[in-house]
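Let me begin by presenting the structure, written as C-alpha cells, before commenting on it.
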Amino acid sequence: MGFSLRQWRRSTIAAAVATGLALTACTVDDGAASAPAPAAAGLAVVPALHDQLPQAVRDAGLLRFAGDSHPPYRTVSPDGTTVTGIDHDFQQALGQILGVRVETTIVSGLPAALQGMLSGRYDAFNGPAKATAEREQQFDTVTWMTTRTSYVVPVGSTAGVKQADDLCGKRVAVVTGSVVEDQLAKLSAFCQREGRPAAQVIGLDDTNATLLAAKSGRAEAAGMTQAAAIDVTTQQKGQYEYVTQTEEQGATKDNLALYTPKSAGLGPVLQKAFEELFRDGTYARIMNQWGLNDVTVPRPLFDVASAG
C-alpha cells in the first residue's frame, strides 16, 4: 500500500530527527552538543509545528541554543563537548516535537546569550531566566518553571550564615544579570529597612564561578536558584549547605522562561511545542526526574511579564 502525503511527510521528518540526533554528539563551533534524554525518547514529530518554524530553521534543520554553565540546568563535561541536565532534556524533547536537530553553544552568562540571539548567532536560550517586561520588548518568553533564591555556603564556614538575613553586610557571589541578582537586591533592601548594611554583590559569569568564589573565601556565599542549590548540595555531599530567602526578606516566586528574539517569529512555535510536552506528560516526567515538582507550572505561559 502506498503512503499518503501526510504519512510521507511524517516519516521524512522523523528520519531527519533520528539522523540529526545522532549528529548532535559532535561539538559545533565553540559550544557543546548533547545526546538524547531518556525522558524525551520516542516523542512523535508534530508536522504542523514543523511547518510553522521560520524558514531559516526549516532549511537548516537545526535549532541553535545558547547556554551558560549552570548546573543542574546545564552541566558541561570537562572536555567541553557534552551537555547534560534539565536544559538538555527539554531541548531534545523540543527538537523531537519540531522535527529538527538541536545544538548548544556554551556562552559566558546571560548577557552573552541575549546579545548572541539578537545578533542572529543563536535561535533561543532555554534559561531559565526571569521573564521581565523590559526584555519582552525584544524577546518572546515561554515560562516553564518558577523558583525561589537560595544561598550556598561552604560547610565549616565561619561567616555565621544560618538564615538568609545573616548575609546582610556580607559578600555574595551571583551570576550577573540573573534572577538571583535581582533577588539579592531585594534582600539588601530588607537588610537596610532593618537598619543593617546591604549585602555586597560580586557579579560573575556563571554558577561555577560563584561557587569557587564562596569556596575560596572571596565571598561568604554563592546565590543561585533553589533547584541549583539542591543539586550542588546533593552532588557535593558534605561540602556545602544552603539557606533560602523568605518572602519577608523580599523573595518572590519568579517566572523562569525560555527566551527567543521576537523578530525571528520562533516564539509562538516554541510555546505550542511546550504545550505538547505538557499535554503528553513529558514535561512532568522531566521535572520529576530532576526533583523539581515544587517549581512546576500548570501550563507554559507566553510573554507573561507583559501580558497584564
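Here, each number is a calculation from the coordinates, and none is a lab measurement. The shown structure was predicted, so the numbers you read here are calculated from the model rather than taken from an experiment. All Cβ positions, glycine included, derive from the backbone under ideal geometry; neighbour counts span all protein chains shown.
Less than 5 angstrom separates the built amide H of residue 139 from those of 262, all sequence-distant by 5 or more or on a different chain.
If you rank 53, 43 by fewest surrounding Cβ atoms within 10 Å, what's the result? Walk me through the numbers on the way to the answer.
Values: 53 23, 43 19.
Result, fewest neighbours first: 43, 53.
Taking every C-alpha pair closer than 8 Å and separated by at least 6 residues, the mean separation divided by the residue count of the chain gives a relative contact order of 23 percent. Given the chain, what percent of its DSSP beta bridges are antiparallel, to the nearest 5? Counting DSSP beta bridges with both partners in the chain, the antiparallel share is about 60 percent.
Please arrange 168, 191 by how many other C-beta atoms lie within 10 Å of their C-beta, fewest to most.
168, 191
For Cα pairs less than 8 Å apart in space and 6+ apart in sequence, what is the mean separation divided by the residue count of the range 73-144, i.e. the relative contact order in percent?
Across the range 73-144, relative contact order equals 19 percent.
Toward the positive end of the charge dipole of the range 149-244, with +1 on the Cβ of Lys and Arg and -1 on the Cβ of Asp and Glu, the farthest Cα among 172, 233, 158 is that of 158.
Stick to the Cα atoms of the range 149-244, pair each with every other, and give me the Kirkwood hydrodynamic radius in Å at one decimal. Walk me through the intermediate numbers first.
On the way: mean 1/r = 0.0781 Å⁻¹.
Here the Kirkwood hydrodynamic radius works out to 12.8 Å.
Any idea how far the Cα center of the range 40-110 sits from the one of the range 182-249, in Å? Value for the Cα centre distance between the two parts: 29 Å.
In order along the range 240-248, the Karplus-derived 3J(HN,Hα) couplings, from 6.51 cos²θ - 1.76 cosθ + 1.60 at θ = phi - 60°, round to 9, 9, 9, 10, 10, 5, 9, 4, 4 Hz, and Gly and Pro are given as x.
Here the mean projected area of the convex hull built on the C-alpha positions of the range 64-189 is 9.5 nm². Placing +1 on the Cβ of every Lys and Arg and -1 on the Cβ of every Asp and Glu, with no other charges, gives the range 181-308 a dipole of roughly 60 debye about its Cα centre.
Taking amide H atoms as placed 1.01 Å from N in the peptide plane, the amide H of residue 127 lies under 5 Å from those of 259, each 5 or more residues away in sequence or on another chain.
Average projection, convex hull of the Cα set of the chain: 16.5 square nanometres. In plain terms, the chain from residue 262 to residue 118 could stretch by 50.9 nm, reckoned as 0.36 nm per residue minus the Cα-Cα distance. Rounded to the nearest 20, the size of the Cβ-charge dipole of the chain about its Cα centre is 320 debye, with Lys and Arg at +1 and Asp and Glu at -1. Shown is the FRET efficiency for residue 247 and residue 306, computed with R0 = 30 Å from the Cβ-Cβ distance and rounded to the nearest 0.05: 0.80. Neighbour counts of other Cβ atoms within 10 Å put 108, 188 in the fewest-to-most order 108, 188. Computed from phi, the 3J(HN,Hα) profile of the range 158-175 under the Karplus parametrisation 6.51, -1.76, 1.60 (θ = phi - 60°) reads 9, 6, x, 8, 10, 8, 4, 6, 5, 7, 4, x, 9, 8, 10, 8, 9, 6 Hz, with x in place of Gly and Pro. Projecting the Cα atoms of 295, 94, 80 onto the dipole axis of the chain, where Lys and Arg carry +1 and Asp and Glu carry -1 at the beta carbon, places 94 farthest toward the positive end. You can think of it this way: the chain between residue 193 and residue 289 has 30.5 nm of extra reach, that is 0.36 nm per residue less the Cα-Cα gap.
The length gained on full extension between residue 182 and residue 56, counted as 0.36 nm times the residue separation minus their Cα-Cα distance, comes to 41.8 nm.
Longest segment of the chain with no trypsin sites (Lys or Arg not before Pro) in a DSSP loop having at most 16 other Cβ atoms within 10 Å? Counting at most 16 other Cβ atoms within 10 Å as exposed, the longest clean stretch of the chain is 1-120.
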